[in-house]
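Down below is the structure, laid out as structure tokens.
Nothing in this text is a laboratory measurement; each read-out follows from the coordinates by a stated rule. Everything numeric in this text was worked out from a predicted model, so none of it was measured. In this analysis, Cβ positions are derived from the backbone assuming ideal geometry, glycine residues included, and neighbour counts consider all displayed protein chains.
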Amino acid sequence: MLAGKEDYEVTEGEVLLDGENILEMAADERAAAGVFLAFQYPIEIPGVATMTFLKAALNAQRKARGEAELSVPEFMKTVREAAGKLNITPEMLKRPLNVGFSGGEKKRNEILQMALLQPKLGVLDETDSGLDIDALKIVSEGVNALRGPDRSFLVITHYQRLLNYIQPDRVHVLSAGRIVTSGGPELALELEANGYADVIGAAA
């Protein structure tokens, strides 16, 4: 819904980003305004080279902000620096987008996209799905490197293990379409120890 998926209808309320209601924007306008969605299961796009995709996305964002497109050398240098921090090899960048990638490689590729686009709001939909412990650490380090006072993350997960690496500022429990309780990082630890049943039952 935040990213603009058309299957959802918002019946009331606003979602304000820098004072603008993003619900009135098309999906590409939301992306240009600084919204980034990392999918639970990133899709493969045969025939679209990873580097072509990254260059098109980055330059589209720059154009929307009134900035000049990056030259090829500037783009290559930017991608190489960001990819190196995420253990993304030049061979991976030469493949079609996500084609033949493992789960961990797909997630690292999404964090690379986020590092290049520098969004204001990153929505991470179960980024820990399908990751082994090494990939989880690399992805988490990539996310943590992007944390800052002018960037927010909404991290969606069912498990504490992701939050061991991406320390949350606030924890919200969503059930049946509404937030039933909120707290600090200790709430996630409590849920890991005791499960969701008591919290959801008390809110019912």
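A few comments on the model shown:
- Prolate/oblate/rounded label for the range 150-191 (Cα gyration tensor, a/c 1.5): oblate
- Packing order of peptides 193-200, 102-109, highest average first: 102-109, 193-200 (average count of other Cβ atoms within 10 Å over each peptide's residues).
- Rounded to the nearest 500, the helix-only mean residue ellipticity at 222 nm of the chain stands at -13000 deg cm²/dmol, with each DSSP H run of n ≥ 4 adding -39,500 (n - 2.57).
- Cα gyration tensor, the range 1-66 - rounded (a/c under 1.5), prolate or oblate: oblate
- The chain - share of DSSP beta bridges that are antiparallel (%, nearest 5): 55
- Paramagnetic label zone (point 7 Å from Cα along Cα-to-C-beta, K120; backbone N under 14 Å) in the range 1-31: 15-25, 29-31
- Residue-count net charge about M92 - beta-carbon cut-off 14 Å; Lys, Arg +1, Asp, Glu -1: +3
- Straight-distance candidates among the lysines for linking to K77, with alpha-carbon spacing under 25 Å and chain neighbours fewer than 8 residues away dropped: K55, K63, K85, K94, K106, K107, K120, K137.
- The range 133-204 shape via C-alpha gyration tensor axes, a/c threshold 1.5: prolate
- Correct option for volume of the Cα convex hull per residue in Å³ [calculated from the coordinates] among (i) 159; (ii) 139; (iii) 121: (ii)
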